[in-house]
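The values are calculated or read from the model by the stated rules, or taken from the named source; none is laboratory data. Being a predicted model, the structure only gives us computed values, none of them experimental. Here the Cβ positions follow ideal geometry from the backbone for every residue, glycine too, while neighbour counts run over all protein chains shown.
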Amino acid sequence: MIKYRIFVVDDDQFIRNGIAEALESEYIVETFSNAEDSLEAVEPGLPDLVLLDIGLPGMNGIEALAEIKKINPEILVIMITAYEDIDTVISAMKTGAHDYVVKPIYMDALEATIKNALETIRLRKEVQILQERYLKENVPCFIGESDAIQDVMDFIKKVAKSPDTPILVIGETGTGKELIASAIHFRSPNYNGPFITVNCAAIPRDLIESELFGYEKGAFSGAKASGKVGLIEEAAAGTLFLDEVGDLSLEAQAKLLRFLEAGEFYRVGGTKKYFVQTRVVSATNKDIDEMKKEGLFRNDLFFRLGVIRVQVPSLNERRADIIPLAKHFLSTLSQKFDKKFTRFAAKVETVLKEYNWVGNVRELKNLIERGVLTGIAPELKVEDLGIATKDTENIQQGIDVRREFPSIPSTGIDFPSLQEGMEKFYIENALRIADGNESEAARLLNINHHTFRYHRKKLKIDN
């Protein structure tokens, strides 16, 4: 649960104590009698909100507001004024105040104003907690709560310890293979070295050798007079990530194999032998076994690249991560495009969980980006995502289009069997959406956990 921190700045001790006593059960509250002391306590991430009296002794509230915004513009400030002086209020709002309240203070109204203000940063705080949880030991942020992705990250911790053992990352398009590669780099002894990324599919086949291994002056028509250092040399003492390695030409594959076996290579057009120590992490979404059969990929290179193999699960295999990822993208993309989205509409999470993620995490990010750009803040709706098909509309209404209810024939129907089949269908479906979590599945069906478990046991549903 998010615990927000609030500063109360007022020279009236009775008001300070009264507000603190009313709020401290729900928030972390600190009180100050003057602006100067409160400013000394303000830090980049602290507090979340300030209740700031305008008529303070010494530095007044308007001046203090300006100083707070210099320290951290994201801190919410609600001004407190003894009388509704419209000019003062306008000045405060122009300086960056989020809202204001007028004395005498009515706690119900103040608490409602605070809740409305904090709602604007709730999503950012949730994402911050997620990032702090996963962004540890210099590892790039990989949002993931599912067992499937946690198993991958635990495996990475073990295999990354070697500075030069080749690792092959296998997974569908959009699963985050480059992020896995960077996590390997920052977990390895090479973390202080460079992390060089090469998209083998984006470089013409007749240029890939010179890009990887460099070339000497005059090596070919159009070559730089001074020659060129290759990406392998640039990755010395670091990590070279070869994305879409299946697109390498057979000639480049042969040179790469020699480098992996002996740590040596020649620049294109040169006779000098170069030695470089770097770890090669490669990735592909292609069927390498099929390519080997067709003679398009060397068998010996495949085994050398894949001394260690990491299989990245698809987003459909890690559905528990869909909503944390979606919240992360909603927050970061809202900031990027200066939008004020703070939440998803009620049915969005259900639609996202039900959706077939062919494009995986990249597709999820693209859909959220579309929604942020086309939607109207603060709430992202299903139609903003561009996936509000007939199927998703029916899902929102609690109807599954894959199942049709038969009419009753003159001979009647076997209602107990039909009822049992429907119960089994929805319980299995809820478990799938909830990634096996019974409490979440019960919530989706709007029944309590014990009732859900009883029906699951009665119907002998194991997974």
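Quick check, is Leu46 modelled with pLDDT under 95, touching a helix residue (DSSP H, G or I) at 6+ places or on another chain (Cβ under 6 Å) and either in the same structural domain as Asn116 (by TED's automatic domain parsing) or of a type in the set (Phe, Trp, Tyr) (or both)? Spell out the reasoning first.
Values: modelled with pLDDT under 95: yes; touching a helix residue (DSSP H, G or I) at 6+ places or on another chain (Cβ under 6 Å): no; either in the same structural domain as Asn116 (by TED's automatic domain parsing) or of a type in the set (Phe, Trp, Tyr) (or both): yes.
In short, no.
Please determine whether any residue of the stretch 214-228 is in a helix (DSSP H, G or I) and modelled with pLDDT of 90 or more.
No: zero hits.
How many residues are closer than 23 Å to Gly18 by Cα, in contact with a Ser or Thr (Cβ under 7 Å, 6 or more places away or on another chain) and β-branched (Val, Ile, Thr) if we restrict to the stretch 63-106?
So the answer is 4.
Can you confirm whether Val348 is in contact with a Ser or Thr (Cβ under 9 Å, 6 or more places away or on another chain) and among the hydrophobic types (A, V, I, L, M, F, W, C)?
no
Just checking, how many residues over the stretch 174-207 are in a helix (DSSP H, G or I), under 23 Å from Gln277 (Cβ atoms), of a type outside the set (S, T, N, Q) and out of contact with any Ser or Thr (no Cβ under 6 Å at 6 or more places or on another chain)?
Here the count works out to 8.
Restricting to the stretch 427-445, count the residues that are part of a helix (DSSP H, G or I), touching a residue at least 24 places away in the same chain (Cβ under 8 Å) and either out of contact with any helix residue (DSSP H, G or I) (no Cβ under 9 Å at 6 or more places or on another chain) or not hydrophobic (A, V, I, L, M, F, W, C) (or both).
Summing the residues that are part of a helix (DSSP H, G or I), touching a residue at least 24 places away in the same chain (Cβ under 8 Å) and either out of contact with any helix residue (DSSP H, G or I) (no Cβ under 9 Å at 6 or more places or on another chain) or not hydrophobic (A, V, I, L, M, F, W, C) (or both) in the stretch 427-445 gives 3.
Are any of the residues in the stretch 226-234 among the polar types (S, T, N, Q) and under 30 Å from Asp289 (Cβ atoms)? Break it down stepwise before answering.
Taking the stretch 226-234 first, the residues among the polar types (S, T, N, Q) are 226.
Subsequent filtering for residues that are under 30 Å from Asp289 (Cβ atoms) retains none.
Looking for residues that are among the polar types (S, T, N, Q) and under 30 Å from Asp289 (Cβ atoms), one finds none in the stretch 226-234, hence no.
Just to check your reading of the model, which residue among Lys136, Lys157 is of a type outside the set (Ser, Thr, Tyr), over 30 Å from Val9 (Cα atoms), surrounded by fewer than 16 Cβ atoms within 10 Å (Cβ to Cβ) and at pLDDT 85 or above?
Selected residue: Lys157, the only one of Lys136, Lys157 that is of a type outside the set (Ser, Thr, Tyr), over 30 Å from Val9 (Cα atoms), surrounded by fewer than 16 Cβ atoms within 10 Å (Cβ to Cβ) and at pLDDT 85 or above.
From the list Ile387, Ile395, Ile413, Ile399, exactly one residue is in a loop (DSSP other than H, G, I, E, B), buried (at least 17 other Cβ atoms within 10 Å of the Cβ) and at pLDDT below 90. Which is it?
One residue alone meets the criteria, Ile387.
Could you please let me know if Ala320 is of a type in the set (A, V, I, L, M, F, W, C), farther than 30 Å from Pro166 by Cβ and part of a loop (DSSP other than H, G, I, E, B)?
For Ala320, the condition - of a type in the set (A, V, I, L, M, F, W, C), farther than 30 Å from Pro166 by Cβ and part of a loop (DSSP other than H, G, I, E, B) - is not met.
Within the stretch 308-333, how many residues turn out to be in contact (Cβ under 8 Å) with a residue 60 or more places away in the chain and touching a Leu at 6+ places or on another chain (Cβ under 8 Å)? Give the derivation first.
Within the stretch 308-333, the first condition is being in contact (Cβ under 8 Å) with a residue 60 or more places away in the chain, and the residues that meet it are 308-315, 317-321, 324-325, 327-328, 330-332.
Filter once more, keeping what is touching a Leu at 6+ places or on another chain (Cβ under 8 Å): 308-310, 315, 321, 324-325, 327-328, 330-331.
Within the stretch 308-333, residues that are in contact (Cβ under 8 Å) with a residue 60 or more places away in the chain and touching a Leu at 6+ places or on another chain (Cβ under 8 Å) number 11.
Hey, could you check the stretch 19-40 for residues that are surrounded by fewer than 16 Cβ atoms within 10 Å (Cβ to Cβ) and either outside the structural domain of Ile121 (by TED's automatic domain parsing) or out of contact with any strand residue (DSSP E or B) (no Cβ under 7 Å at 6 or more places or on another chain) (or both) and say which is nearest to Met107 (Cα to Cα)?
Only one residue tops the list, namely Glu21.
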